[in-house]
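Step one of this worksheet: look at the structure below.
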Amino acid sequence: MTSPYVKQYTENGISTIEFFHPAHNSLPGDILAKLANTITKAGQDDNVLVIILKSGGDRTFCAGASFKELISIEDEKTGEEFFMGFANVINAMRKCPKFIIGRVQGKTVGGGVGLASAMDYCMATKFASIKLSELNIGIGPFVVGPAVARKLGVSGMSQIAIDANTFYSPEWAKDKGLFTHVYDSTEELDEAVQATAEHLCTYNPEAMKEMKKIFWDGCDDWDTLLNERAKVSGRLVLSEFTKEKLKRFA
């Protein structure tokens, strides 16, 4: 696999949405837009009862936002639009009336932690360590922060946001409530994800829809909140501190 993609296939009420990028599944704006749109459409499809969200490849679930696009930002508006990519996906997941099962097969960084946090039920392998690295380059996990804090609690989120150099184990993430189960292999993970999705398809769709509303109660302001957070990141990414940091990474 060398070309980025978002693909979807639906069978027996289960819609599987898969994204991929050759740079460790880091996501540029066009892929994020396709992902948000695909999730929204799956939520509107009466033939879909449950959604599985996964990425391609073996060892990295998502390395966060595209570094190539990050270093090319030259004004605040472009910065805001860049950071709204993950905001739009998180909001699409929040508004989707179907349960979204997460399949996290490997390491997850930055925006990827935000995606995992926005799942309704997220399972992982023992390789799925997580890191919020944004503070390393002079910004912060502002856009994904609400989703991460909702799952890990403010204490857990602040711990990994401040300790931006450290990968936290999947067992730590499970203890904090991000992952429901941690498996020894991708094969075991896939079997469990499929079995969970099939079992959920036996439930009343209306009951699951109403439960989803309850799960996300109190988040109705996220369209505005995440946009405000994107503006903060869009401003900070232009700071001299961040520009110098990005030059070193480049």
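General observations
- Of all residues in the range 1-23, those that are touching a strand residue (DSSP E or B) at 6+ places or on another chain (Cβ under 7 Å), in contact (Cβ under 8 Å) with a residue 60 or more places away in the chain and part of a loop (DSSP other than H, G, I, E, B) total 1.
- Each residue in the range 207-250 was checked for being in a helix (DSSP H, G or I) and either touching a His at 6+ places or on another chain (Cβ under 7 Å) or closer than 24 Å to ARG150 by Cβ (or both), and 23 of them qualify.
- Looking only at residues in the range 123-177 that are among the β-branched types (Val, Ile, Thr) and part of a helix (DSSP H, G or I), the one that is farthest from THR196 (Cα to Cα) is ILE137.
- Residue identified as part of a loop (DSSP other than H, G, I, E, B), in contact with a Phe, Trp or Tyr (Cβ under 8 Å, 6 or more places away or on another chain) and of a type outside the set (S, T, N, Q) among ILE73, ILE51: ILE73
- Any hit, the range 81-91, residues being outside any loop (DSSP other than H, G, I, E, B), surrounded by 21 or more Cβ atoms within 10 Å (Cβ to Cβ), touching a helix residue (DSSP H, G or I) at 6+ places or on another chain (Cβ under 8 Å) and of a type in the set (Val, Ile, Thr): yes
- Residues in the range 7-38 that are of a type in the set (Ser, Thr, Tyr) and either under 14 Å from the mean Cα position of the chain (by Cα) or crowded, with 20+ Cβ neighbours inside 10 Å (or both): SER15, THR16, SER26, THR38.
Each value in this text was obtained by applying a stated rule to the coordinates, not by laboratory testing. None of these values were measured; they are calculated from a predicted model. Ideal geometry is used to build each Cβ from the backbone, glycine not excepted, and the neighbour counts take in all protein chains shown.
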